[in-house]
Every structure is written in structure tokens, then in C-alpha cells.
1. Taking residue 131, is it in contact with a strand residue (DSSP E or B) (Cβ under 7 Å, 6 or more places away or on another chain) and under 17 Å from residue 150 (Cβ atoms)?
2. Do we find a residue being of a type outside the set (Ser, Thr, Tyr) and within 14 Å of the chain's Cα centre (by Cα) anywhere in the range 143-151?
3. Looking at (1) at pLDDT 90 or above; (2) under 23 Å from residue 149 (Cβ atoms), find the lone condition where residue 42 falls short.
4. Among all residue pairs at least 6 apart or on different chains, which show Cβ distances below 8 Å where the first residue, located in the range 93-107, is closer than 17 Å to residue 83 by Cα and the second is surrounded by fewer than 16 Cβ atoms within 10 Å (Cβ to Cβ) and modelled with pLDDT under 95?
5. Going residue by residue through the range 62-79, is there one that turns out to be under 12 Å from the mean Cα position of the chain (by Cα), touching a residue at least 40 places away in the same chain (Cβ under 8 Å) and within 23 Å of residue 183 (Cα to Cα)?
6. Tell me, which residue of the range 69-93 that is of a type outside the set (Val, Ile, Thr) and touching a Ser or Thr at 6+ places or on another chain (Cβ under 7 Å) is modelled with the lowest pLDDT?
Amino acid sequence: MQVQNAIVVSASEPQPEVSRRRFLKTSLIAATVASSNIIMPKAALAIPHGEGGLCELSFRNLHTGEKFNGAYRVGNKYLLGALNEVNTVLRDFRTGDVYPMDPQLMDIIFTMQKLANAQDRNVEIISGYRSPKTNAMLRGRSSGVAKKSYHMKGQAIDLRIPGISTARLRDIAKSLKAGGVGYYASSDFVHIDTGNVRSW
């Protein structure tokens, strides 16, 4: 894995015991992170770290078939190289526009997977970033598309996890109080965003 830059956030959870292999992997990433440029973002969601402080995700864009699979955060640092890959996978597939996604969305998804005991499953992404052009087109087709959608700000994702009911995912997301949660039972997906805490 190539790691370029990182974003520092606060995290105070103790780190669990790790295997030698995982320790070496984490140490290599941490050493690379330590020599990288660092940017301070807004405070992040307190999340349950993975083994060795690694936070890893695996998801697939249902429209393109493209996948992200790997660490996006180590301890209290986001990995910019990984987030750049995330941005590409979550781009507007209709226009090809790539936009920086809010890394806190990754924290929310990571935490949802943990709480659903679904870390071994690919998250299926229905919608990530939407360009204004795409949002306007979708809004013309459906009254359920917001004029100022958080998708256009890189702050929203529509998703599902195979084998986990969307009702359960909705309840988990709402319990985090990390932003907006929309439940679309008939379309079998949950919307999450990093806007104000609300649900529908």
C-alpha cells in the first residue's frame, strides 16, 4: 500500500494487542505517515479502531464495479493516498467528476460495519458524489432528491450491506448521531451524510 499524506484527528481509544505481521504492517504505515504533510480537520467521530489501530474498509460501486479495499486511517490519522482512491471509486459515474469525499463518512461506514458484525462483507455503494448536473437530472425524475443535496458536497453516501437488513443499518446509523440518516425500504438502501443530525 502506498501512503502519501495524512490528516490528524483526535482519537483516544487504547490500541489492542497485535500480531507480529500486523504490527510490522502498521509500523510501516505509521512511519510513512509520520514523514508526511499533516492537515487539521474538524473533530472526527469516535470510532472503534481495528486491529493495531488500522481502520479498513471494503466497498464496491454498484454502477462501475470498482472497489476500494484497504486501510483509510491509522490511529488518529487519515491516509490521504487511500482517500484519493476512495474519491475515485465514489465519483459521479455519469459525468466522471471526482470530488473530495468527507472522510468522516468512512468513519461512519466503518463503525456501522463493526456494530453490524459485517466487517467481512463488501459495502455496496449506490450513490457517492453527485455533480450539480447529475443532481438536477435526478431531481427532475424524483421529488425525493434534494435541491441542495449533500451528495453534491461530498458529504453523503447511499449504501447497503448484503445480508444485513437496511432497517438494521438505519437503526445503527441513527444511534451514532453523526449526521443525517435516510431510510429507503422500497429501494433497499440507507442514506448517510455528515450534515445536521436528522432522519427520515
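The values are calculated or read from the model by the stated rules, or taken from the named source; none is laboratory data. Just so it is clear, the structure is predicted and the values come from calculations on it, not from any experiment. So basically every Cβ, Gly included, is an ideal-geometry build from the backbone, and we count neighbours across all protein chains shown.
1. It is false that residue 131 is in contact with a strand residue (DSSP E or B) (Cβ under 7 Å, 6 or more places away or on another chain) and under 17 Å from residue 150 (Cβ atoms).
2. Scanning the range 143-151 turns up at least one residue that is of a type outside the set (Ser, Thr, Tyr) and within 14 Å of the chain's Cα centre (by Cα).
3. The one condition residue 42 does not meet is (1).
4. 103/41; 104/42
5. Taking every residue of the range 62-79 in turn, none turns out to be under 12 Å from the mean Cα position of the chain (by Cα), touching a residue at least 40 places away in the same chain (Cβ under 8 Å) and within 23 Å of residue 183 (Cα to Cα).
6. Selected residue: 76.
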